[in-house]
1. Reachable aspartates and glutamates from Lys299, Cα under 20 Å, same-chain residues fewer than 8 places away excluded?
2. Find which of Tyr317, Gly258, Ala339 sits farthest along the positive direction of the dipole of the chain, computed with +1 on the beta-carbon of Lys and Arg, -1 on that of Asp and Glu, about the Cα centre.
3. Considering the alpha-carbon set of the stretch 225-324 alone, what are its Rg and its Dmax in angstrom?
4. For a quick check: sort Ser318, Ser212 by the number of other beta carbons within 10 angstrom, fewest at the front.
5. Using a 7 Å offset from the Cα along the Cα-to-Cβ direction at both Asn248 and Glu370, what is the distance between the two label points in nm, to one decimal?
6. Do any of Lys252/Lys324; Lys78/Lys349; Lys167/Lys324; Lys139/Lys324; Lys130/Lys349 go past 24 Å between their Cα atoms, and which?
7. Which of the three applies to the stretch 40-96, rounded, prolate or oblate, going by the alpha-carbon gyration tensor with a ≥ b ≥ c and a/c under 1.5 meaning rounded?
8. Using the Cα atoms of the chain to build a convex hull, what is its mean projected area in square nanometres?
Amino acid sequence: TTTSEFKPGLEGVPATLSSISYVDGQKGLLEYRGISIEQLAEQSTFLETSYLLIWGKLPTKDELADFEHEIRYHRRIKYRIRDMMKCFPETGHPMDALQTSAAALGLFYSRRALDNPDYIRQAVVRLLAKIPTMVAAFKLMRKGNDPVQPRDDLDYSANFLYMLSEKEPDPLAAHVFDVCLTLHAEHTINASTFSAMVTASTLTDPYAVIASAVGTLAGPLHGGANEEVLEMLEEIGSVENVRPYLDNLMEKKAKIMGFGHRVYKVKDPRATILQNLAEQLFEKFGSDQYYQVAVELEKVVQERLGHKGIYANVDFYSGLVYRKLGIPSDLFTPIFAIARVAGWLAHWKEQLVKNRIYRPTQIYTGNHAETYIPIHERN
Ligand code: CMC
């Protein structure tokens with residue numbers, strides 16, 4: 001008998017047992033391995049948080065030093081991968097370039113020794129180390145320039161910003177970027193993580209797992225509403241125009257970008273942290289002309305839609321932060337991917353421990369016992 005009811009988008013259907021992260025959408029709580037996102041944003045680094053997510057515990061000083069050292073050592077990408085990337089069309093989206101390059105890593109490193117902890121660790125290190133290098137390389141190569149080699153004396157985030165611009169970043173900029181990565185590292189079973197888990201469940205290699213997840217993150221319903229938030233703020237243009245603009249959107253029943261979430265019914269805790277980071281950047285480097293528009297918009301949306309549980313989400317302030325860091329808007333989603341690799345790898349590793357291939361069912365809605373009609377008799 002079919003006891004199961006079909007839930008479009010699998011809303012509310014548990015897909016796994018997991019101890020990696022936890023969201024309470026009513027309280028606005030996000031934890032990685034039980035530790036609040038606020039504590040991690042304040043006190044941890046992206047690489048330490050990645051270690052926590054993937055190995056389930058905070059590293060000791062030595063464990064963290066070894067992990068960071070290994071990642072520095074594996075940042076370079078092979079010239080064959082660079083040569084392949086040079087052939088990508090310059091108009092191609094950086095997410096497509098990243099998905100292709102991530103899959104290509106499997107050509108060089110896949111051995112599928114999934115029961116060997118050394119293999120798992122090497123795959124984790126290579127993916128965390130090389131994905132930022134590939135994103136930065138495509139940014140330069142699509143303009144016909146040579147990629148910038150990673151610098152071993154810079155930490156993870158400072159090195160990425162350096163590879164984008166060939167300039168050593170300001171320490172505050174590097175710190176803020178690192179916190180952004182921590183905030184985006186993991187978020188329970190979202191579409192791309194589920195995609196990673198389904199791919200992992202076939203026991204294919206980890207590069208294929210990450211390539212699937214990157215492809216899933218690339219869609220407009222998942223990554224990248226932050227790009228549209230910036231466009232909307234520019235369109236609004238001034239604080240005075242916020243109310244009339246919103247009236248118009250609400251009349252058309254259009255969605256306001258950067259607001260609302262399937263799980264959070266209060267302000268996304270990551271939005272609060274990102275707003276604070278944006279303010280730190282504006283204090284040091286000068287404000288963004290649209291920041292006051294954003295603050296006013298958040299206030300008015302809260303007045304009008306707060307009762308429906310619609311508040312600012314993670315995408316509302318992140319675009320303003322990235323723009324202040326000088327990052328082009330089509331790299332916002334690849335940066336989300338750089339961060340989320342940590343979460344995807346944590347779920348890959350968790351999946352392997354007690355794996356069973358994903359093979360759900362369906363409710364068939366077609367016909368039965370149809371007759372095959374020869375092609376010349378069809379109309
Ligand atoms: N502006 C205005 N109304 C909204 C919004 C919004 N941004 N979001 C939800 N609503 C209303 C919606 O119209 C509906 O109202 P009613 O019940 O009267 O018909 C109600 O709230 C429920 O909305 P829903 O579309 O059923 O909610 P969902 O859980 O399917 O969608 C969402 C969640 C994030 C896709 C949606 O809120 C949205 O499209 N937001 C704008 C885009 C955005 O900011 N996306 C980034 C999401 S966070 C990062 C990520 O997950 O990758």
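Any read-out appearing in this document is the output of simple, stated calculations on the displayed coordinates, not a laboratory observation. Everything numeric here is computed off the predicted structure, so don't read it as measured data. Cβ coordinates were reconstructed from backbone atoms using ideal geometry, including for glycine residues, and neighbour counts include every protein chain displayed.
1. Glu228, Glu231, Glu234, Glu235, Glu240, Asp247, Glu251, Asp268, Glu279, Asp288, Asp315
2. The listed residue farthest towards the positive side: Ala339.
3. Cα only, the stretch 225-324: 12.7, 39 Å (Rg, Dmax).
4. So the ranking, lowest neighbour count to highest, is Ser212, Ser318.
5. 4.7 nm
6. Values: Lys252/Lys324 32 Å; Lys78/Lys349 26 Å; Lys167/Lys324 15 Å; Lys139/Lys324 18 Å; Lys130/Lys349 19 Å.
Going by Cα-Cα distance, Lys252/Lys324; Lys78/Lys349 fall outside the 24 Å limit.
7. Details: a/c = 3.90, a/b = 2.10, b/c = 1.85.
The shape class here is prolate.
8. Details: hull surface 98.6 nm².
The orientation-averaged projected area of the Cα hull of the chain comes to 24.6 nm².
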